[in-house]
Amino acid sequence: MLERLFYCDHYEIPLPEGHRFPMTKYRLTRDLLAQDGRYRFDCAPMADRSLVELAHDPVYVEQFIAGTLSAQAVRRIGFPWSESLVRRTLASVGGTLAAAEEALEKRWSGNLAGGTHHAFRGEGSGFCVFNDIAVAILYLRHHRGIAKAAVIDLDVHQGDGTAAIFEYDPLVLTLSFHGRNNFPFRKQRSKIDVELEDGAGDETYLALVEQFLPRVFEFEPGVIFYQSGVDALASDTLGKLSLTQQGIARRNEIVIRACKAYGAPLIVTMGGGYSNPVELTAQAHANVYRTASGIFNSWTSRSAPL
Ligand SMILES: [Zn+2]
């Protein structure tokens, strides 16, 4: 049976020449996964505005959708505003919502976008407009009766928006691994923050993952979100860490295997990835979904391609 993954890369966002966001990585990742023949790719539905407002200030939501945010607020997001940006943003949130629904039924699912963890309740930043994971957590709480949720955020940048949204919410555990000397320079307080020094490599990183992961399950979440950013790769132009492709693959395997053993539905989202060339980022993103598919379908880990 084909596993469903959700995508929104067909909504093209016009970016100025030389913009540093690697927009092509989403399509490249989907193309790589399509070669496996194991997935059904569903176009992500646009999230309903009322659901976005579960995690965001309605004024901010209105201003973004209408294109009336201040120039400063748009600059902070990092993408020029356009109607296609609105469509793609809503579809990116919708993809995580759809993946959450799917995971309730099939134990795991993935959005080939999302993980936009720098979005706060009332403003966006760092290429993030709305916080798809926060919206999905609150959707599951209010509409599906799942009270407790955990976010495992292994993007190299702190999940500051997610941390802030849930800072005083006892029903959400936020775990963020990130570079101490990297964006955002003013850190928020996740429930658990693990800070890495520049240049940290596979061994240090993986030992910390093994050390902190059990804390997620001790919290007894009813659902788990994995923000699987791949900007910890040595080839990443923004990451400042030194993980190998094998290291990232091992990281995914440790996390996903432990989540499967724990037994709550798992939703995998993307996150950052700025390797040069972009193919290295796409390869690392594809690995996350391949690893999840392999583990949930009990392939041997060796048969899950890197
Ligand atoms: Zn990042």
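The values are calculated or read from the model by the stated rules, or taken from the named source; none is laboratory data. Everything numeric here is computed off the predicted structure, so don't read it as measured data. Cβ placement follows ideal geometry from the backbone for every residue including glycine, while neighbour counts extend to all protein chains displayed.
Some notes on this structure:
- Selection within segment 265-292 - buried (at least 21 other Cβ atoms within 10 Å of the Cβ) and away from the ligand (no atom under 16 Å from the Cβ): Pro265, Leu266, Ile267, Gln283, Ala286, Asn287, Tyr289, Arg290, Thr291, Ala292
- Criterion applied to Val129, Val151 was being within 20 Å of Met46 (Cα to Cα), at pLDDT 95 or above and away from the ligand (no atom under 12 Å from the Cβ), and the one residue passing it is Val129.
Rundown of residues vs (1) part of a helix (DSSP H, G or I); (2) among the charged types (D, E, K, R), yes/no style:
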{"residue": "Phe225", "(1), (2)": "no, no"}
{"residue": "Lys240", "(1), (2)": "no, yes"}
{"residue": "Gly247", "(1), (2)": "yes, no"}
{"residue": "Ala258", "(1), (2)": "yes, no"}
{"residue": "Ala264", "(1), (2)": "no, no"}
{"residue": "Glu279", "(1), (2)": "yes, yes"}
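- Hey, Ser190 among the hydroxyl-bearing types (Ser, Thr, Tyr), buried (at least 22 other Cβ atoms within 10 Å of the Cβ) and not in a strand (DSSP E or B) or not: yes
Yes or no, residue by residue, for (1) touching a Ser or Thr at 6+ places or on another chain (Cβ under 9 Å); (2) under 27 Å from Tyr139 (Cα atoms); (3) among the aromatic types (Phe, Trp, Tyr):
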site: Leu2; (1), (2), (3): no, yes, no
site: His10; (1), (2), (3): no, yes, no
site: Pro16; (1), (2), (3): no, no, no
site: Lys25; (1), (2), (3): yes, no, no
site: Arg30; (1), (2), (3): no, yes, no
site: Ala34; (1), (2), (3): no, no, no
site: Ser50; (1), (2), (3): no, yes, no
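- Residue satisfying condition, being in contact with a Phe, Trp or Tyr (Cβ under 8 Å, 6 or more places away or on another chain) and surrounded by fewer than 24 Cβ atoms within 10 Å (Cβ to Cβ), within set Ala113, Ala98: Ala98
- Which numbered condition Arg250 misses (of (1) within 16 Å of the ligand (Cβ to nearest atom); (2) under 22 Å from Asn111 (Cα atoms)): (1)
- Of all residues in segment 33-54, those that are without any contact (Cβ under 8 Å) to a residue 60 or more places away in the chain have Cβ atoms under 8 Å from Cβ atoms of residues that are of a type in the set (Phe, Trp, Tyr), 6 or more apart or on another chain, in Ala34/Phe41; Asp42/Phe6; Asp42/Tyr7; Cys43/Phe6; Cys43/Tyr7.
- Within segment 217-225, the presence of at least one residue that is within 16 Å of the ligand (Cβ to nearest atom), buried (at least 22 other Cβ atoms within 10 Å of the Cβ) and closer than 27 Å to Ala286 by Cβ is confirmed.
- Subset of segment 78-105 (residues that are touching a His at 6+ places or on another chain (Cβ under 9 Å) and without any contact (Cβ under 8 Å) to a residue 60 or more places away in the chain): Gly78
- Qualifying residue in segment 111-118 (condition: over 27 Å from Tyr274 (Cα atoms) and either assigned to a strand (DSSP E or B) or out of contact with any His (no Cβ under 8 Å at 6 or more places or on another chain) (or both)): no
- Annotation: Leu238 fulfils all but one of (1) crowded, with 18+ Cβ neighbours inside 10 Å; (2) within 16 Å of the ligand (Cβ to nearest atom); (3) among the hydrophobic types (A, V, I, L, M, F, W, C); the unmet one is (1).
- Among the candidates Asp231, Asp202, Asp169, residue that is of a type in the set (Asp, Glu) and out of contact with any Gly (no Cβ under 7 Å at 6 or more places or on another chain): Asp169
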